[in-house]
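Engineer: Mind having a look at this structure? Questions to follow.
The values are calculated or read from the model by the stated rules, or taken from the named source; none is laboratory data. Here the structure is a predicted model, which means the values were calculated and not measured. With ideal geometry, Cβ positions are generated from the backbone for all residues, glycine too; neighbour counts draw on all protein chains shown.
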Amino acid sequence: MSESQTIFKKIFASHGKELMCLQSDIDSKNTVQIRPLFLYHTRRTSGVAFFFALRSAMDCMFKVAGQKKETMPLMHRVESDILPPDYVLQDFSLIGSHANFGLHKQFSQNFILTTIVREPYTRLGSTYMSACMRSQIKPEISQFKKFISNPENQNCTVRQLCGLSIDQEVEARHLDEAVNTLIEHFDSYVTNAQTNDLITYYLSYFGLCNVVMNRPNRTRNDYKIDTSPFKDFILEQNELDLKLFEFVAENSKIPLLDGSQVRYSPQTFIGYEDEKLVESGMIGICMPTDNFCTIVEDHPEVLENLKLFWDFVDLSS
């Protein structure tokens with residue numbers, strides 16, 4: 001086990017609930033080799049964490065290479081099912097979207113497609129509570145019941161993969177269509193429990209840097225409520241999404257990396273979420289991996305105190 005690998009494992013063991021510690025196995029890659037990547041996901045599936053990690057790593061490596069901001073490939077979120085006209089001919093390295101499947105075809109590029117799915121009971125609860133936090137509205141059981149009873153909020157993952165509009169009913173036959181869409185068109189698909197593995201794969205595949213960042217887009221405790229009395233109702237009303245989730249859990253797809261050697265990236269992005277209440281925002285720095293490991297080795301107290309971890313990272317920049 002390499003020295004950096006040992007350090008990353010120690011950090012994850014100490015702060016794994018709060019931090020994402022992702023090492024990029026760049027193998028023999030000496031340059032960044034990015035192919036355009038498109039992430040489809042419904043709300044509260046770890047899609048924002050995936051997007052922030054990949055965007056930050058791409059930005060970090062372009063800056064290390066001395067590339068000017070105006071010449072860097074674009075990285076954006078697009079939520080509309082209709083692409084803005086000025087986006088059609090632009091070059092993107094990364095797109096994240098809650099839009100229906102098919103949006104990627106409106107671009108002039110050929111994208112690698114990936115997606116993350118989540119079990120509907122926890123996803124819907126998280127979606128409602130997160131929306132309350134963003135609007136700074138106290139969550140209420142009565143409103144949550146209305147939220148989960150609204151057909152627009154049911155079987156959202158199947159709806160997205162089948163490209164169905166809000167006013168179209170999601171039927172049993174659409175489950176097979178959604179599964180076929182994954183199999184035929186997506187290079188990778190996982191459950192939210194495998195998000196770290198998916199991110200690590202693309203960091204390595206593109207030759208990007210390691211990433212250490214706190215888990216973004218999490219709902220504050222003061223906006224959480226107990227949704228357990230509605231679990232059976234949610235699973236019944238979202239049976240198709242549950243079956244799709246079970247399919248992905250049993251048949252997740254992450255391609256194998258080429259190369260027999262393990263060589264971790266000499267650069268590491270360190271990031272933290274500087275805004276949470278109204279929207280998610282990530283700031284951070286890129287540093288040599290050796291420097292990062294030295295900080296942890298010289299100050300082992302950071303393994304016990306996460307605040308000290310951020311303090312020492314800031315001092316090193």
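Engineer: What number of residues within segment 1-17 satisfy the criterion of being within 13 Å of VAL302 (Cβ to Cβ) and among the charged types (D, E, K, R)?
Structural biologist: Residues that pass the stated criteria total 1.
Engineer: Moving on to the next point. Considering (1) surrounded by fewer than 20 Cβ atoms within 10 Å (Cβ to Cβ); (2) under 18 Å from THR42 (Cα atoms); (3) of a type in the set (A, V, I, L, M, F, W, C), say which one ILE141 fails and leave the rest.
Structural biologist: Going through the list (1) surrounded by fewer than 20 Cβ atoms within 10 Å (Cβ to Cβ); (2) under 18 Å from THR42 (Cα atoms); (3) of a type in the set (A, V, I, L, M, F, W, C), ILE141 breaks only (2).
Engineer: Quick check, is ASN210 out of contact with any helix residue (DSSP H, G or I) (no Cβ under 9 Å at 6 or more places or on another chain) and more than 19 Å from ASN251 (Cα to Cα)? Give the steps one after another, and end with the answer.
Structural biologist: Values: out of contact with any helix residue (DSSP H, G or I) (no Cβ under 9 Å at 6 or more places or on another chain): no; more than 19 Å from ASN251 (Cα to Cα): yes.
So ASN210 fails the test.
Engineer: Take the conditions modelled with pLDDT of 90 or more and either closer than 15 Å to THR289 by Cβ or not hydroxyl-bearing (Ser, Thr, Tyr) (or both) and apply them to SER14. Does it pass?
Structural biologist: No, not satisfied.
Engineer: For segment 231-255, enumerate the residues that are in contact with a strand residue (DSSP E or B) (Cβ under 7 Å, 6 or more places away or on another chain) and farther than 27 Å from THR200 by Cβ. Explain how you work it out, then say what you get.
Structural biologist: Step one: of segment 231-255, the residues in contact with a strand residue (DSSP E or B) (Cβ under 7 Å, 6 or more places away or on another chain) are 244-245, 248-249, 252-255.
Residues satisfying the conditions do not exist here.
Engineer: Condition first: modelled with pLDDT of 95 or more and at positive phi. Can you find one or more residues in segment 199-215 that meet it?
Structural biologist: no
Engineer: Residues that are in contact (Cβ under 8 Å) with a residue 40 or more places away in the chain and closer than 21 Å to PRO36 by Cα: does segment 228-248 have at least one?
Structural biologist: no
Engineer: Ok, one more. Just checking: which of the strands (runs of 3 or more DSSP E) contained wholly in segment 209-317 hold 3 or more residues that are under 30 Å from GLN143 (Cβ atoms) and not basic (Lys, Arg)? Can you show your working first?
Structural biologist: On the way: elements: 210-214, 267-275, 281-288.
The strands (runs of 3 or more DSSP E) meeting that bar are 267-275.
Engineer: Also: Kindly provide the set of residues from segment 61-80 that are of a type outside the set (A, V, I, L, M), closer than 19 Å to ARG43 by Cα and touching a residue at least 24 places away in the same chain (Cβ under 8 Å), ordered by number. Steps first, please.
Structural biologist: Step one: list which residues in segment 61-80 are of a type outside the set (A, V, I, L, M), which gives 62-63, 66-71, 73, 76-77, 79-80.
Filter once more, so that each one left must be closer than 19 Å to ARG43 by Cα: 76-77, 79-80.
Correct list: ARG77 only.
Engineer: Residues of segment 41-76 being out of contact with any helix residue (DSSP H, G or I) (no Cβ under 7 Å at 6 or more places or on another chain), crowded, with 18+ Cβ neighbours inside 10 Å, under 21 Å from CYS21 (Cβ atoms) and not charged (D, E, K, R), which ones?
Structural biologist: Scanning segment 41-76 gives GLY47, VAL48, PHE51, PHE52, SER56, MET58, CYS60, MET61.
Engineer: Which residue pairs have Cβ atoms under 9 Å apart, sit 6 or more places apart or on different chains, and have a first residue in segment 147-172 that is on the phi > 0 side of the Ramachandran plot and at pLDDT 95 or above and a second that is crowded, with 18+ Cβ neighbours inside 10 Å and in a loop (DSSP other than H, G, I, E, B)?
Structural biologist: Matching pairs, first to second residue: ASN155/VAL170; ASN155/ASN238; GLY163/PHE101.
Engineer: Is it fair to say TYR189 is of a type in the set (Ser, Thr, Tyr) and not in a helix (DSSP H, G or I)?
Structural biologist: On the way: of a type in the set (Ser, Thr, Tyr): yes; not in a helix (DSSP H, G or I): yes.
Yes: the conditions hold for TYR189.
Engineer: With the condition being more than 16 Å from the chain's Cα centre (by Cα), I'd like the strands (runs of 3 or more DSSP E) fully within segment 1-111 carrying at least 1 qualifying residues.
Structural biologist: Working: elements: 19-22, 37-41, 74-77, 92-97.
Answer list for segment 1-111: 74-77, 92-97.
Engineer: Residue under question is GLN136, and the condition is that it be out of contact with any helix residue (DSSP H, G or I) (no Cβ under 9 Å at 6 or more places or on another chain) and either at positive phi or modelled with pLDDT under 95 (or both); does it hold?
Structural biologist: On the way: out of contact with any helix residue (DSSP H, G or I) (no Cβ under 9 Å at 6 or more places or on another chain): no; either at positive phi or modelled with pLDDT under 95 (or both): yes.
When the stated conditions are applied, GLN136 does not pass them.
Engineer: Could you count how many residues in segment 144-173 are within 25 Å of the chain's Cα centre (by Cα), buried (at least 18 other Cβ atoms within 10 Å of the Cβ) and closer than 19 Å to ALA99 by Cβ?
Structural biologist: Looking only at that region, the number is 11.
Engineer: Okay, next question. Among residues belonging to segment 77-120 that are among the polar types (S, T, N, Q) and under 27 Å from ASN153 (Cβ atoms), point out the one that is surrounded by the most Cβ atoms within 10 Å (Cβ to Cβ).
Structural biologist: The selected residue is THR115.
Engineer: Does ARG134 satisfy the criteria of being under 23 Å from the mean Cα position of the chain (by Cα), surrounded by fewer than 18 Cβ atoms within 10 Å (Cβ to Cβ), within 27 Å of ASN221 (Cβ to Cβ) and in contact (Cβ under 8 Å) with a residue 12 or more places away in the chain?
Structural biologist: When the stated conditions are applied, ARG134 passes them.
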